[in-house]
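**Student:** One structure is given below, represented as structure tokens, and several questions about it will come after.
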Amino acid sequence: MSEATFRTCPTTGLKVDLNAQKLIKANAVAAVVFLAIGGLFGLTVALTRWPAVHLLPADWFYLALTAHGLDVLLLWIIFFEIAVLYFASSTLLNCRIAAPRWGWVAFWMMLAGGLITNVAVLQGQSTVMFTSYPPMMAAQHFYLGLILFAVGALVAVGIFFGTLVIAREERTYEGSIPLVTFGALTAAIIAVFTLASGAVILIPTWLWSMGLISTIDPLMYKLVWWAMGHSSQQINVSAHVAVWYAIAAMLFGARPLSEKVSRGAFLLYILFLQLASAHHLLVEPGLSSEWKVFNTSYAMYLAVLGSMIHGLTVPGSIEAAQRRRGFDKGFFEWLRKAPWGNPAFSGMFMSLVMFGFLGGISGVVMGTEQINIIMHNTLYVPGHFHGTVVAGTTLAFMAITYLLIPLIFQREIRFPRLAKWQPYLFGLGVAGISLFMMGAGTLGVSRRHWDITFADAPLDFSYPEAAFLMLALNGLSAIAAALGGLFYVVVVVASVFFGRKVEGRVALEAPAGKSAVASYGSSESLKIPGTLLLVGVFFVAFVLYYFVNWKYLSDIWPMR
Amino acid sequence: MASDQKDPDKERVPFMQRVLDNPFLLLFLGVTIPTVLYILWGVMELTQIPVAP
Amino acid sequence: MAITPPTARLWWKEPVHRTELVWIIVAFLWGLVMFFMMIWWHATGEQNLATETYRTTPNAFYAKTEAMVQQYRVRDVNGIPVVRPPVGSDVYMIGRMWLWYPALELVKGQTYRLHLSALDLQHGFSLQPVNINVQVHPGYQHVLTITPDQAGEFSIVCNEYCGLGHHTMLGKIYVTDASGVTP
């Protein structure tokens, strides 16, 4: 058994295992490095799409697009999620981390895998997009890097489960695990399915690239690959919902309105969220409508039910906490007087709103079997997932970074004014990226396309003028988002490496009229009118937009 | 006996709470359900595609 | 707090407030509406993607397409044959690097069985400005029964990345009115 040494956190009173702390730091730093690289590639992609700028030549555009997807969609997100898993198990449970040596093995495997795949892409022989659909073939080490990364991440997820077991055996907590840890458990369970599917399909594909297997069936590949590709985004959803709850708890002392409801919503994720991998196969040949309808709807939209529950309970728990603090006037005093100057709060709340309105609604609409016909592989798709994984997950992860730096890295935030504006700039930029790409997609513009003027094509075609405007606005939004991303990287690097050491307590809680009452949320006294108004607006927007798209669909050529 | 039933420290933990407190049961469900409904069902359909006439 | 274990030992037994309960019911019913909407559209809607699919080979599919081209070619556009197949017939279209082959001339309001397959990589059939998008795989033949209900010139973009010439990949479908005129 390895010797664990602890320090006691002066702010929260939690016991922090120093081995876990080092692993959290390493994974978080690696995550930010890949965010910086991938974000830069993303900016060049957006500037190339902007017809008036058209920055990169075609081969570099497709290369940058491949690298962008890989670095941010996989490496940044999963590295950060591993940090969140270690935090939610070891730190929140007051427990030593299981097998820290294996934690380092996992870290170095993931890092090596990420670097190998990046090198493969930059060498130019693996411009196959993030999805790498066969029969298009990448260099051997492209797949090898991905496999190493996936196996490393799987080991890290195993350490999370091991830590849960140790915490229970050594009775480091009473009763059930905290809700945030339960959310992390949800993410970890989905991660097991995700990474195992990835290994199952990438290992034969790797053998195929070495000539040991003659063919990979493109449909079969796509089916299994998306069990990784889409489910990895479902790890994100679970993880960032857990982060929302964590930030609400740390800043406001907020308690879940009901443990039962919030955990039940996570259970719906565990059972059904991963079925939505079918979203990518709705206009594929060879799969029945029964399979498509059942899977794309997460078994009758039960996972969407989970998200809609979190959409009520997260802001609801903040509202309840704020009202207890005395911000009880009208519908929205609790929200107006929230700490909007604290990037942890502003980032978290924008993440919540934009994930729901931009990413959530568009995802369900696009994942409707028939409506997918008018959206598949258009720019609507990246428009949607920039609403989920960037406005939702990335912004939430950025927000909690502002709490992890003082608590885990024990450094003060450098450049606090830059940090204060960072979530707004990034959030605004990402909202623009998401909306304008969805707009262009509605006009039919193809994703992954270097030249929407078709200048070199043997036939004539041009997209509508409005699409050009959309892509120009997308470029401008990408500049804003990239600046916001740059601010984040600068603040993180400056704080982590040059920040003043934190001594004693960190002031986390929002300025309060009255101190939060320790136990509330009893079913008789709950009052959350502001949140109800917000979810009401959300629901109306959802229903209207859903039926508008059925109307669009009914205008296209009849087909059966 | 009757007072034992009301004592929250001795009352049996409800079934659903025990399910939610069991990470490995949840892991089993979370991996099995998509494997059967998404992957296996999908693979079955793909292997049954007929050859073009 | 959400970062500490639940305070009540038997938290499952805590009552749920009516506010939460109402929202859960509303969200659940909305999910059912969306689920049955897809099924209802299968029964009554006019736009449903066919699932008729066959295994094929690039050679076999190319041979069928070429036979159709030889039989029903009416003219060329920029060196690409334009085919006017009989109303109601089986029509073949190939996606390959980097062309949709051949171009088609169809009659408005008539129904055709459109067979799609790829010769080399995956391609994305994206009919513009109608905005119909279907994924096309090599080795699989997907049969869509389509009824163009507008006359005019329509373009097929490729919306799946298929190599460095991907952005030059186009195709054409001309839809004439019943008298044979393309507006």
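**Student:** Could you say whether any residue in segment C:72-82 is within 7 Å of chain A (Cβ to nearest Cβ) and over 21 Å from C:Met169 (Cα atoms)?
**Tutor:** No, segment C:72-82 has no match at all.
**Student:** Name the single residue that is nearest to A:Ser231 (Cα to Cα) among those in segment A:288-304 being surrounded by fewer than 23 Cβ atoms within 10 Å (Cβ to Cβ) and at the interface with chain C (Cβ under 8 Å from one of its Cβ atoms).
**Tutor:** A:Leu302
**Student:** Against the conditions (1) under 25 Å from B:Glu45 (Cα atoms); (2) in a helix (DSSP H, G or I), where does A:Ala239 fall short? Just the number, please.
**Tutor:** (1)
**Student:** A further question on this structure: Can you tell me which residue in segment A:194-216 is nearest to the chain's Cα centre (by Cα), limited to those that are assigned to a helix (DSSP H, G or I) and polar (S, T, N, Q)?
**Tutor:** Going through the qualifying residues, I end up with A:Thr194.
**Student:** Filter the helices (runs of 4 or more DSSP H) completely within segment A:321-397 down to those with at least 1 residues that are at pLDDT 95 or above and more than 30 Å from C:Trp41 (Cβ to Cβ).
**Tutor:** A:333-336, A:343-354
**Student:** Further question: Being part of a helix (DSSP H, G or I) and at the interface with another protein chain (Cβ under 7 Å from one of its Cβ atoms) narrows it down to one residue among A:Ala278, A:Ala265; which is it?
**Tutor:** The conditions single out A:Ala278.
**Student:** If you check A:Leu443, A:Leu471, A:Leu425, A:Leu407, which single one turns out to be crowded, with 19+ Cβ neighbours inside 10 Å and either modelled with pLDDT under 95 or of a type in the set (Asp, Glu) (or both)?
**Tutor:** Selected residue: A:Leu407, the only one of A:Leu443, A:Leu471, A:Leu425, A:Leu407 that is crowded, with 19+ Cβ neighbours inside 10 Å and either modelled with pLDDT under 95 or of a type in the set (Asp, Glu) (or both).
**Student:** Suppose the filter is of a type in the set (S, T, N, Q), closer than 21 Å to C:Glu52 by Cβ, facing another protein chain (nearest Cβ under 7 Å) and crowded, with 18+ Cβ neighbours inside 10 Å; does C:Gln128 pass it?
**Tutor:** No.
**Student:** Now for a separate question. Which of the residues that make up segment C:77-103 are in contact with a strand residue (DSSP E or B) (Cβ under 8 Å, 6 or more places away or on another chain) and within 23 Å of A:Asn377 (Cα to Cα)?
**Tutor:** Hits for segment C:77-103 are C:Tyr92, C:Met93, C:Ile94, C:Gly95, C:Arg96, C:Trp98, C:Leu99, C:Trp100, C:Tyr101, C:Pro102, C:Ala103.
**Student:** Name every residue in segment A:242-262 that is assigned to a helix (DSSP H, G or I) and under 21 Å from C:Ala27 (Cβ atoms), in order of residue number.
**Tutor:** A:Ala242, A:Trp244, A:Tyr245, A:Ala248, A:Glu259, A:Lys260, A:Val261, A:Ser262
This table checks each residue for (1) open to solvent by 10 Å² or more (accessible area, probe 1.4 Å); (2) assigned by TED's automatic domain parsing to the domain that holds C:Pro86.
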position	(1), (2)
C:His142	no, yes
C:Asp149	yes, yes
C:Gly152	no, yes
C:Ser155	no, yes
C:Cys158	no, yes
C:Cys162	no, yes
C:Thr168	yes, yes
C:Gly171	no, yes
C:Val181	yes, no
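**Student:** What are the residues in segment C:106-125 that are within 9 Å of another protein chain (Cβ to nearest Cβ), of a type outside the set (D, E, K, R) and assigned to a loop (DSSP other than H, G, I, E, B), if any?
**Tutor:** Within segment C:106-125, C:Thr111, C:Leu121, C:Gln122 meet the criteria.
**Student:** Oh, and also: May I ask you to list the residues in segment C:10-25 that are more than 7 Å from chain A (Cβ to nearest Cβ) and open to solvent by 30 Å² or more (accessible area, probe 1.4 Å)?
**Tutor:** Result: C:Lys13, C:Arg18, C:Leu21, C:Val22, C:Ile25.
Residue-wise test of (1) acidic (Asp, Glu); (2) buried (at least 21 other Cβ atoms within 10 Å of the Cβ); (3) touching a strand residue (DSSP E or B) at 6+ places or on another chain (Cβ under 7 Å); (4) farther than 21 Å from B:Pro34 by Cα.
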{"position": "A:Leu207", "(1), (2), (3), (4)": "no, no, no, yes"}
{"position": "A:Thr215", "(1), (2), (3), (4)": "no, no, no, yes"}
{"position": "A:Tyr221", "(1), (2), (3), (4)": "no, yes, no, no"}
{"position": "A:Met228", "(1), (2), (3), (4)": "no, yes, no, no"}
{"position": "A:Gln234", "(1), (2), (3), (4)": "no, yes, no, no"}
{"position": "A:Ala239", "(1), (2), (3), (4)": "no, yes, no, no"}
{"position": "A:Met250", "(1), (2), (3), (4)": "no, yes, no, yes"}
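**Student:** Moving on. C:Thr56 passes all but one of (1) farther than 19 Å from C:Gly95 by Cβ; (2) out of contact with any helix residue (DSSP H, G or I) (no Cβ under 7 Å at 6 or more places or on another chain); which number fails?
**Tutor:** Result: C:Thr56 passes all but (1).
**Student:** Would you confirm, using the coordinates I've provided, whether A:Val72 is closer than 30 Å to A:Glu3 by Cα and open to solvent by 10 Å² or more (accessible area, probe 1.4 Å)?
**Tutor:** Answer is no for this residue.
**Student:** Next question, about the same structure. Looking at A:Glu284, is it without any contact (Cβ under 8 Å) to a residue 12 or more places away in the chain and either in contact with a Leu (Cβ under 9 Å, 6 or more places away or on another chain) or in a helix (DSSP H, G or I) (or both)?
**Tutor:** So A:Glu284 fails the test.
**Student:** Surrounded by fewer than 18 Cβ atoms within 10 Å (Cβ to Cβ), modelled with pLDDT of 95 or more and charged (D, E, K, R), is that true of B:Asp4?
**Tutor:** So B:Asp4 fails the test.
**Student:** Are any of the residues in segment C:115-123 over 17 Å from the mean Cα position of the chain (by Cα) and open to solvent by less than 10 Å² (accessible area, probe 1.4 Å)?
**Tutor:** no
**Student:** Here's another thing I want to ask about it. Can you report the number of residues in segment A:1-44 which are of a type in the set (Ser, Thr, Tyr) and touching a strand residue (DSSP E or B) at 6+ places or on another chain (Cβ under 9 Å)?
**Tutor:** 2
**Student:** Next question, about the same structure. Of the conditions (1) under 21 Å from A:Ile37 (Cα atoms); (2) in contact with a helix residue (DSSP H, G or I) (Cβ under 7 Å, 6 or more places away or on another chain), A:Gln123 satisfies every one except a single condition; which number is it?
**Tutor:** Exception for A:Gln123: condition (2).
**Student:** If you don't mind, there's one more thing I want to ask. What number goes with the only condition from (1) within 13 Å of chain B (Cβ to nearest Cβ); (2) of a type in the set (Val, Ile, Thr); (3) within 20 Å of the chain's Cα centre (by Cα) that A:Val165 does not pass?
**Tutor:** Result: A:Val165 passes all but (3).
**Student:** Further question on the same structure: Taking segment C:26-44, which residues are over 26 Å from the mean Cα position of the chain (by Cα), open to solvent by less than 40 Å² (accessible area, probe 1.4 Å) and at the interface with another protein chain (Cβ under 7 Å from one of its Cβ atoms)?
**Tutor:** Within segment C:26-44, just C:Ala27 meets the criteria.
**Student:** Given the conditions (1) more than 7 Å from chain A (Cβ to nearest Cβ); (2) more than 26 Å from the chain's Cα centre (by Cα), report the number of the one that C:Thr7 does not fulfil.
**Tutor:** (1)
**Student:** Do you know which residues across segment A:417-453 are more than 24 Å from A:Leu395 (Cα to Cα) and aromatic (Phe, Trp, Tyr)?
**Tutor:** Selection gives A:Trp450 alone.
**Student:** Quickly run through segment A:540-551 and pick out the residues that are touching a residue at least 12 places away in the same chain (Cβ under 8 Å) and surrounded by 14 or more Cβ atoms within 10 Å (Cβ to Cβ).
**Tutor:** Those that are touching a residue at least 12 places away in the same chain (Cβ under 8 Å) and surrounded by 14 or more Cβ atoms within 10 Å (Cβ to Cβ): A:Phe542, A:Tyr545, A:Tyr546, A:Asn549, A:Trp550.
**Student:** Taking the stated definitions as given, is A:Asp456 touching a helix residue (DSSP H, G or I) at 6+ places or on another chain (Cβ under 6 Å), in a loop (DSSP other than H, G, I, E, B) and either crowded, with 16+ Cβ neighbours inside 10 Å or modelled with pLDDT of 90 or more (or both)?
**Tutor:** Against the criterion (touching a helix residue (DSSP H, G or I) at 6+ places or on another chain (Cβ under 6 Å), in a loop (DSSP other than H, G, I, E, B) and either crowded, with 16+ Cβ neighbours inside 10 Å or modelled with pLDDT of 90 or more (or both)), A:Asp456 qualifies.
The values are calculated or read from the model by the stated rules, or taken from the named source; none is laboratory data. Everything numeric in this text was worked out from a predicted model, so none of it was measured. Because the Cβ atoms are built from the backbone with ideal geometry, glycine has one as well, and the counts that use them run over all protein chains shown. Surface areas here come from the heavy atoms of the whole protein model, side chains and all, with no ligands, DNA or RNA. Shrake-Rupley method; radii C 1.70, N 1.55, O 1.52, S 1.80 Å.
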